[in-house]
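Take a look at the structure set out below.
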Amino acid sequence: MKWIKNLTCAAIAAAALTAFLGAGTTSATQLCATTGTGPECAGAAGKFEYSGPIEGTSTNATLATNLFNLKCEDSAATINASSSTGAPILGEVTALSFTKCHSELGVECTVTVKNLPYSASFEGKTLTVTDSVGAGAKVVCGTTLSCEFLTKSARLTITNGEPTVAAAREVPLSYENGAICPSTATWSATYSILSPTGLTNL
């Protein structure tokens, strides 16, 4: 029976050591691009480590509420990545805009972005945008909607391709500030990366 007890203790110790080592060896995320200025990225021939501004555009940014849905045909975002490699890579959303916005009823809307800049981080295939006050915008659609929509954390899924895209899917928004606010609201958008060319997230 003693050997069973020793074997059990050894198994527990091995499991604890594995968990400890695993927690300390998180694989780093790496940004690579054809216009990068760093060393060549391993496993991405012709691409180099990249840090700096990343610009993306969306033609399907949507605010879905219980009152009606709002779509913006043109949204642009700029994120400044502070490094090419990290676990995570830290950065900042320095610019965000929404134009050509209208409700599904055809009412023109104005969207004014609030509280820039926002903190950003790349980890694996996830881009997380955070702000202690709230990232978001004030939306005014005629006399049917006038409300400020914010979130303290939004996650976007990154998919490498030509171009690489970052997609937000039904991000819950708060809607506490405004004269006419809905009871529910979510934000969705898919941003295609235009600059730098050939950006991939490894």
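The values are calculated or read from the model by the stated rules, or taken from the named source; none is laboratory data. Predicted model, so just to flag it, every value in this text is computed and none were measured. Cβ: placed from backbone, ideal geometry, glycine included. Neighbour counts: every protein chain shown.
If I filter region 63-83 for residues that are touching a Phe, Trp or Tyr at 6+ places or on another chain (Cβ under 8 Å) and among the acidic types (D, E), do I get at least one hit?
The answer is yes, given that some residue of region 63-83 is touching a Phe, Trp or Tyr at 6+ places or on another chain (Cβ under 8 Å) and among the acidic types (D, E).
Being of a type outside the set (K, R) and farther than 30 Å from A42 by Cβ is true for just one of E108, E162, E92. Which residue is that?
On the way: E162 fails: farther than 30 Å from A42 by Cβ; E92 fails: farther than 30 Å from A42 by Cβ.
Selected residue: E108, the only one of E108, E162, E92 that is of a type outside the set (K, R) and farther than 30 Å from A42 by Cβ.
Can you tell which of A135, A95 is modelled with pLDDT of 95 or more and either assigned to a loop (DSSP other than H, G, I, E, B) or surrounded by fewer than 16 Cβ atoms within 10 Å (Cβ to Cβ) (or both)?
Working: A135 fails: either assigned to a loop (DSSP other than H, G, I, E, B) or surrounded by fewer than 16 Cβ atoms within 10 Å (Cβ to Cβ) (or both).
Every option except A95 fails the conditions.
Just to check your reading of the model, which residue among I54, I79 is farther than 30 Å from I180 by Cβ, in contact with a Gly (Cβ under 9 Å, 6 or more places away or on another chain), touching a residue at least 60 places away in the same chain (Cβ under 8 Å) and surrounded by 17 or more Cβ atoms within 10 Å (Cβ to Cβ)?
Values: I79 fails: touching a residue at least 60 places away in the same chain (Cβ under 8 Å).
None of the others qualify; the one that does is I54.
Note down all Cβ pairs under 7 Å where the first residue falls in region 176-202 and is touching a residue at least 24 places away in the same chain (Cβ under 8 Å) and more than 19 Å from C72 (Cβ to Cβ), the second is of a type in the set (D, E) and crowded, with 21+ Cβ neighbours inside 10 Å, and they're at least six residues apart or on different chains.
Close Cβ pairs (under 7 Å, with a partner that is of a type in the set (D, E) and crowded, with 21+ Cβ neighbours inside 10 Å) do not exist here.
Please verify whether region 1-19 includes one or more residues that are more than 29 Å from L199 (Cβ to Cβ), assigned to a loop (DSSP other than H, G, I, E, B) and modelled with pLDDT under 90. Let's see the steps before the verdict.
Taking region 1-19 and keeping what is more than 29 Å from L199 (Cβ to Cβ), we get 1-19.
Imposing the further condition that a residue be assigned to a loop (DSSP other than H, G, I, E, B) reduces the set to 1.
When the remaining residues are screened for being modelled with pLDDT under 90, the result is 1.
Yes, some residue in region 1-19 is more than 29 Å from L199 (Cβ to Cβ), assigned to a loop (DSSP other than H, G, I, E, B) and modelled with pLDDT under 90.
Checking the condition within 30 Å of P182 (Cβ to Cβ), crowded, with 19+ Cβ neighbours inside 10 Å, touching a residue at least 12 places away in the same chain (Cβ under 8 Å) and touching a His at 6+ places or on another chain (Cβ under 8 Å), which residue from L63, L70 passes?
L70
Based on what the data block shows, is F149 more than 17 Å from A76 (Cα to Cα), of a type in the set (F, W, Y) and assigned to a strand (DSSP E or B)? Break it down into steps so the answer makes sense when it comes.
Values: more than 17 Å from A76 (Cα to Cα): yes; of a type in the set (F, W, Y): yes; assigned to a strand (DSSP E or B): yes.
In short, yes.
Inside region 190-202, can you point out the residues that are part of a loop (DSSP other than H, G, I, E, B) and either crowded, with 16+ Cβ neighbours inside 10 Å or touching a Leu at 6+ places or on another chain (Cβ under 6 Å) (or both)? Full working, then the answer.
We begin by selecting, within region 190-202, every residue part of a loop (DSSP other than H, G, I, E, B); these are 196-199, 202.
Hits for region 190-202 are P196, G198, L199, L202.
Would you tally the residues in region 141-195 being under 26 Å from L67 (Cβ atoms) and touching a Pro at 6+ places or on another chain (Cβ under 8 Å)?
6
Considering only region 165-189, state which residues are assigned to a loop (DSSP other than H, G, I, E, B) and either modelled with pLDDT of 95 or more or surrounded by 20 or more Cβ atoms within 10 Å (Cβ to Cβ) (or both).
Filtering region 165-189 down to residues assigned to a loop (DSSP other than H, G, I, E, B) leaves 173, 181-184.
Result: L173, single match.
If I filter region 105-148 down to residues being over 20 Å from V165 (Cα atoms) and in contact (Cβ under 8 Å) with a residue 60 or more places away in the chain, which single residue comes out as nearest to the chain's Cα centre (by Cα)?
Filtering region 105-148 for residues that are over 20 Å from V165 (Cα atoms) and in contact (Cβ under 8 Å) with a residue 60 or more places away in the chain, the one nearest to the chain's Cα centre (by Cα) comes out as V139.
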